[in-house]
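First up is the structure itself, then whatever we jot down about it.
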Amino acid sequence: MKFVVLQFPGSNCDQDCFHVIRNVLGCSVSYVWHKDTSLGETDAVIVPGGFSYGDYLRSGAIAKCSPVMSAVHDFASQGGLVLGICNGFQILTETGLLPGALVRNRDLQFVCEHVYLRVEQESSAFTGASRTGDLIRCPIAHMDGCYYIDSDGLRELRANNQVLWTYTDRDGAATPASNPNGSIHNIAGVCNRAGNVAGLMPHPERAAEDILGEESGLAVFKSMLAFHQSGKAFNAASSAS
Amino acid sequence: MTEPTITPEIVRKHGLTDEEYRQIQQILGREPNITELGIFSVMWSEHCSYKNTRKLLKSFPTRSERVLVAAGEENAGILDIGDGVAIAFKIESHNHPSAVEPFQGAATGVGGILRDIFTMGARPICAMNSLRFGSLDSAEVRRLFRGVVSGIAHYGNCFGVPTIAGEVCFDRSYEGNPLVNAFALGALYTDQIARGAARGVGNPVFYVGPATGRDGLAGAAFASQDLTEESAEQQRGAVQVGDPFMEKLVMEACLELLATGAVAGIQDMGAAGLTCSTCETASRAGTGIEIELDLVPQRAPGMSSYEIMLSESQERMLIIVHKGREEEVRKVFEKWDLPWSRVGEVTDTGQMVVRHHGEIVADISACRLADEAPLYDRESREPEYLTKTRSLSVDQIPDLKPDEIGGALEACLAWPTIASKNWVYRQYDHMVRNGSVVLPGSDAAVIRIKQDSMPVLPNGEVRDFPEKFVAMTVDGNGIYTYLDPYEGGKIAVAEAVRNIAASGATAIGVTDNLNFGNPHNPELFFQLEQAIAGMSEACRHFGIPVTGGNVSLYNQSPNGAIDPTPVVGAVGIFESRDHIVTQWLKKEGNVLILVEPSEWDADPWFGLGGAAFTLMRHRIKAGRPSPCNLDRESLVHRAVRQWIADGLVQASHDCSDGGLLVAVAEMAVSGMVARNHPQLLGVSLDLNSAGATSGLRTDSLLFGELQSRIIIEVAPDAVEQLTDGIPAGVVSRRIGVVGGGRLDLSIDTSHVASWDLNSLHHRWWNAIAEKMDA
Amino acid sequence: MKARIIITPKKAVFDPQGKTVQNTLEHFGHQGISAVHVGKFLEVEISGEEDIEAVRARMDEACRRFLTNPVIEDYTLDIIPS
């Protein structure tokens, strides 16, 4: 399976994703520069964390206007797998590839700590290596990570099983105290209606190696690999947002 | 535009003495104009010239077989860590700017130290900081603290460097004059070292980065004055504004540019901006440099040559390019969308020549400007307050009663200097770059250096090397240094090295930040002189070089000088990743062992002199810090490192602020931050009166800060192996058993106190947040 | 010509900054504050001669497509002739 990792000038988790995909997952991976208009041959796109263009105006707002995002839009509408992590999630909501928006954390501070994520459904391309209810322990590191969506949108997310990961405590309960940023319904990550585009604020790539004390985040990447290997594919027509 | 006439008043406003002015006239062979006066004033400020401290700093050892770039040669020192890999690191202060505008002051402090690292050709891979504030009971202190922490977070997080460790202390002496010392470390291959030298006559000089504005005019000179209410108010405009995103672009572009081989020399524009970078690069290369200010990108209209030369606009670099290779440089700048301009060239005249609007506005010998700043021997006198602090006897303060022990430990753990700093480090991205092996909250942080930690190599070359693990810590104790400047300096080094040893690594170098008061005051100069001597002795003893650092003088507010605060950033390396040890308890049934010297120097205060407990409970700074015997200290380090290498040690923690009981409690409560198994594990602690503690007072036994002690956790069956192989001069004493949900304390087998671990954890973990929310 | 754009969080979106400012104002004794909304203010300087309505249309487009996120933000746009 071949991945590409996007590189915006202010990306700073690009190398981490690259490292995990190549050296831990054992897949082929290359970078695509933000000024490129083509993604080249690839099976999946990672939109990594960082501060894309300094995150002035709004996180991800300027990135959505970049040449490479048009290519990502085309790739996604043809059923390609796209995963946005942290700033990548913000960019995907800004471009409209994912529903909702990420706003300033409830406590108005940047927050970096380990959280528990509960896998909400195991049938997606991003969670297939896990079972529903499994817990992933991985770090978050963001200032604008509070997921917001209006009530109609929320109903739709639920109806279509688009909520993939929820913040919980170590026992898997989604409590107010285990919500690190004020996200609505403790939502940490969602996918689009078609299921080929997903985003999450936590960093699974930072919890994918024994030396860093935690490997459960690797499940997100393994799921993408397993989905690809299964030969399943998304219908191009249904994949546009 | 008419130039102002140089009057004695103008000279004084530039912080120059009459004698210094005469020296300027002599160097020039004429009167300086206002631009030249400004240039001399910043280059000869303490910040740039070390004129008051250079003679003292000469006592530091600066060489070892690992040193590739030594202190004073370049922007940061570089050490070889084997297999073709090297590290560059340095600490620098931004105290005064942070006092005036905490967010931007601290942010640009981080920006400055990161630039020092990538200027050397290294990729910054982690940062630390050492902070001091007044009491959190003051709303103004809380504002400063909040601003500084979010400023550091803003810059480091956006730039993409993990802020992996640090220390924060709170003491009234820092009220109005906080300390913000920022450390950064970068990695590079040994053949990638870049030099800040303007080599090659005829080579073009490029300016890269955002346009120059009137930011931070004369910030370097500003950092070398006493901070009065008036100056804080007046100079608010003098603080620079940082743009971490721009700095990330500049860093990536510089590393790519260095890989092309087109760069002859590179230097950041930090303090004194264009002035310092041009004359220093020329001076280092023994060349001259000529620049045209009309070519310098400018943000504000009508800037004078004085303003352009002294501006401290951030994120700018000066790059000297091999003639004929300008095209390669242009391509890289354009890839990263960076503003750049060719502003001049290298000459053979030895002069720094600056043109503006067709006229020469400065023409000064580069090396005399950079290297011939006056050096001073300041008057030194033992401070009078020492007679008072030393006249007190420990017998004059009441010992702890048995029923006070419970509350005393709780109070210690909730005391902001000792309490968990999670309120701080949660705001720092401390895990970006996937190299943070040991996170904030243990004795030393540990970073992994892997292939993507390195700067790019030419033509996409990939070089393999075994992953490296580097430990780092930053330490300093202002109260110890206030009470005994020599011992305080020595202990700052010893404690940093002890933290490195306790985490399983061997210290290989230190960088120091000397935060002191006005050097013209003989009593304050005494503190500086003695502390440097103490630090120097300790570095020599441990055989580790000082690879660079920073001096920040004039740290005083209207209330007086700060406690003299030498801060030491120590760096160590691991022989194997298996040697990495953290401080939190690991397993039920394990045994706690106190490792300490077998003999002690006399300490009439039994570890309570300058101790955190003494200050917290009795509100006094009195006595002397417990003396540190460096020979015995080394024996303890060596023993613990050996046991770690033998695989016997599961957790290890040094005894510092708060003494033995606080150290044990920290081992128990800090387990919640363990990445793999967050948990709270209790301890049954049984302290008996033997060795150093024989016949001690209760407060001294529990909270005294004797030096050279490390607590380790070992499996029960490892105890014998450990005691059998114990080296001479070191004793290991069994002090407790791990397990349960409580911390139980017995003294001489009688049970004296018991704490619920959850509630201890709560007090320790939330103390600072509660103060900040108040 | 200048375009002045005021961006505010949608009323339904939780605005912790506004809430914090409100709490602080109340702490300082300011009474009768029912809500505070913290948003952004942009001033766009436009050079060249252009029809004011054309500029308004252009800036309105920019607001909808880029300067604001319609999921979470509202805006008002004013064009000030020079």
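Going through segment B:39-126, which trypsin sites (Lys or Arg not before Pro) have at most 13 other Cβ atoms within 10 Å and a DSSP loop state?
Sites meeting the loop and neighbour criteria: B:58, B:63.
Of B:590, B:301, B:251, which is farthest along the charge dipole of the protein assembly as shown in the positive direction, counting Lys and Arg as +1 and Asp and Glu as -1 at C-beta?
Working it through, the farthest residue towards the positive pole turns out to be B:590.
Of the peptides B:27-39, B:541-553, B:91-103, B:599-611, how do they stack up when ordered by the mean number of other Cβ atoms within 10 Å, highest first?
B:91-103, B:541-553, B:599-611, B:27-39
Mind listing P(r) for segment B:137-210? All alpha-carbon pairs, 5 Å bins, whole percents.
The distribution over segment B:137-210 is 3, 9, 16, 14, 13, 13, 10, 9, 7, 4, 2, 0, given as percents.
Based on the Cα coordinates of segment A:111-226, what is the per residue volume of their convex hull in Å³?
Value for segment A:111-226: 96 Å³ per residue.
Take every DSSP beta bridge whose two residues both sit in chain A, then give the antiparallel share in percent to the nearest 5.
In chain A, DSSP labels about 60 percent of beta bridges as antiparallel.
Report the percentage of all Cα-Cα pairs in segment B:399-542 whose separation exceeds 21 Å, rounded to a whole percent.
62
If you average the alpha carbon positions of segment B:533-568 and of segment A:56-71, how far apart do those two centres end up, in angstrom?
Segment B:533-568 and segment A:56-71 have Cα centres separated by 46 Å.
Which residue, A:35, A:222, A:64, has the most motion in a Gaussian network model of chain A that connects Cα atoms within less than 10 Å?
A:35
What Rg and what Dmax come out for segment B:1-142 when only alpha-carbon atoms are used, in angstroms?
According to the Cα coordinates of segment B:1-142, Rg and Dmax are 19.9, 60 Å.
Can you show me the helix-derived [θ] at 222 nm for chain B, built from DSSP H runs with n ≥ 4 at -39,500 (n - 2.57) apiece and divided by the number of residues, rounded to the nearest 500.
Mean residue ellipticity at 222 nm (helix-derived): -10000 deg cm²/dmol.
Hey, can you grab everything whose amide H is under 5 Å from the amide H of residue B:264? Only 5+ residues off in sequence or another chain; H modelled, so Pro and N-termini drop out.
Correct list: B:320, B:321, B:322.
When you look at the Cβ of every residue in B:429-442, what mean number of other chain Cβ atoms sits within 10 Å?
6
Hey, what's the per residue convex hull volume over the C-alpha atoms of segment A:2-238, in cubic angstrom?
Value for segment A:2-238: 111 Å³ per residue.
What is the magnitude of the charge dipole of chain C about its Cα centre, with +1 placed on the Cβ of each Lys and Arg, -1 on the Cβ of each Asp and Glu, and no other charges, expressed in debye to the nearest 20?
Roughly 380 debye, rounded to the nearest 20.
Tally up the carbon and sulfur contribution to the accessible surface of segment A:2-238 as a whole percent, 1.4 Å probe, everything protein left in place.
About 48 percent, which is the carbon plus sulfur part of the accessible surface.
Hey, what do the phi angles of segment B:515-527 turn into as Karplus ³J(HN,Hα) couplings, whole Hz, using 6.51/-1.76/1.60 and θ = phi - 60°, x for Gly and Pro?
For segment B:515-527, the Karplus curve yields 9, 9, x, 5, x, 6, 8, x, 5, 6, 5, 4, 4 Hz.
For segment B:232-361, just the Cα atoms, rotate onto the principal axes and tell me the three extents in Å, largest first.
That gives 46, 37, 26 Å along the principal axes, largest extent first.
Which value, in Å³ per residue, describes the convex hull spanned by the Cα atoms of segment B:537-578?
Taking the convex hull of the Cα positions in segment B:537-578, it is 128 Å³ per residue.
Within 10 Å, Cβ to Cβ, of residue A:19, how many net charges do the neighbouring residues add up to if Lys/Arg are +1 and Asp/Glu are -1?
The answer is -2.
What is the angle, in °, between the Cα long axis of helix C:16-27 and the longest principal axis of the Cα atoms in chain C? Nearest 10 is fine, range 0 to 90.
Orientation of helix C:16-27: about 50 degrees from the principal axis.
If you average 1/r over all unlike Cα pairs in segment B:358-461 and invert the result, what Kirkwood radius do you get in angstrom?
One decimal place: 22.2 Å for the Kirkwood radius.
How large is log10 I(q)/I(0) at q = 0.09, 0.13, 0.16 Å⁻¹ when the Debye formula is applied to the Cα atoms of segment B:512-671, each weighted equally and without solvent?
Each listed q corresponds, in turn, to -0.41, -0.85, -1.22.
What number do you get for chain C when its Cα radius of gyration is normalised by 2.2 N^0.38 Å, N = residues?
In units of the 2.2 N^0.38 Å rule of thumb, it is 1.37.
How many nm separate the modelled label positions at residue B:462 and residue C:27, each set 7 Å beyond the Cα in the direction of the Cβ?
Once both label points are built, they end up 5.4 nm from each other.
Which semi-axes, in whole Å and largest first, does the equivalent ellipsoid of chain B have when worked out from the alpha carbon gyration tensor as the square roots of 5 times its eigenvalues?
So the three semi-axes of chain B are 47, 29, 22 Å.
Over chain C, calculate the relative contact order: mean separation of alpha carbon pairs under 8 Å at least 6 apart, over the residue count, as a percent.
It comes to 54 percent, rounded to a whole number.
Under a straight-distance cross-link criterion of Cα-Cα below 16 Å, which aspartates and glutamates are reachable from residue B:323, leaving out those fewer than 8 residues away in the same chain?
Output for residue B:323: B:290, B:345, B:348.
What percentages make up the Cα-Cα pair-distance distribution of segment A:99-173 when the bins are 10 Å wide from 0?
19, 41, 37, 3
So what is the 222 nm mean residue ellipticity for chain A from helices alone, if each DSSP H run of at least 4 adds -39500 (n - 2.57) and you divide by all residues, rounding to the nearest 500 deg cm²/dmol?
So the calculated ellipticity at 222 nm is -5500 deg cm²/dmol.
Output the antiparallel fraction of DSSP beta bridges having both residues in chain B, as a percent to the nearest 5.
80
For segment B:675-764, list log₁₀ I(q)/I(0) at each q in 0.16 Å⁻¹, using the Debye formula over Cα point scatterers of equal strength and ignoring solvent, two decimals each.
Log10 of I(q)/I(0), two decimals: -0.83.
Pull up all non-local amide H partners of residue B:651: gap of 5 or more, or a different chain, and H-to-H distance under 5 Å with H placed in the peptide plane.
Distant-sequence amide H within range of residue B:651: B:713.
Report the FRET efficiency, 1/(1 + (r/R0)^6), for residue C:61 and residue B:5, where r is their Cβ-Cβ distance and R0 is 51 Å, rounded to 0.05.
Step by step, r from the Cβ atoms, then E = 0.35.
What are the ³J(HN,Hα) values, in whole Hz, obtained from phi via the Karplus relation 6.51 cos²θ - 1.76 cosθ + 1.60 with θ = phi - 60°, for each residue of segment B:354-361 in sequence order, with x given for Gly and Pro?
My calculation for segment B:354-361 gives 10, 10, 8, 6, x, 10, 7, 9 Hz in order.
If you project the alpha carbons of segment B:581-774 onto the principal axes, what extent comes out on each, in Å, largest first?
Sorted largest first, the three principal extents are 51, 42, 31 Å.
Given the convex hull over the Cα atoms of the protein assembly as shown, what projected area results after averaging over all orientations, in nm²?
For the protein assembly as shown, the mean projected area of the Cα convex hull comes to 44.2 nm².
Would you mind checking which residues have amide H under 5 Å from residue A:60's amide H? H placed 1.01 Å from N; only 5 or more apart, or other chain.
A:53, A:55
Could you state the accessible area per residue of segment B:581-774 in Å², with a 1.4 Å probe and every protein chain left in place?
Heavy-atom accessible area per residue stands at 36 Å².
Taking the Cα centre of chain B as origin, work out the dipole magnitude from +1 charges on Lys and Arg Cβ and -1 charges on Asp and Glu Cβ, in debye rounded to 20.
Rounded to the nearest 20 debye, it is 660 debye.
Treating only the Cβ of Lys, Arg, Asp and Glu as charged (+1, +1, -1, -1), what charge dipole size does segment B:581-774 show about its Cα centre? Round to the nearest 20 debye.
440
Assuming a strict under-27 Å limit between Cα atoms, what lysine pair count do you get for segment A:2-238 once near-sequence pairs (fewer than 8 apart, same chain) are dropped?
Total qualifying Lys-Lys pairs in segment A:2-238 comes to 6.
Using only C-alpha positions, report the orientation-averaged shadow area of the convex hull of segment B:565-629, nm², one decimal.
It is 7.9 nm².
The values are calculated or read from the model by the stated rules, or taken from the named source; none is laboratory data. Remember, it's a predicted structure, so these values are computed and weren't measured experimentally. Note that each Cβ is placed from the backbone with ideal geometry, even for glycine, and that neighbours are counted across all protein chains shown. Protein only, heavy atoms only, side chains kept; ligands, DNA and RNA dropped before computing areas. Shrake-Rupley method; radii C 1.70, N 1.55, O 1.52, S 1.80 Å.
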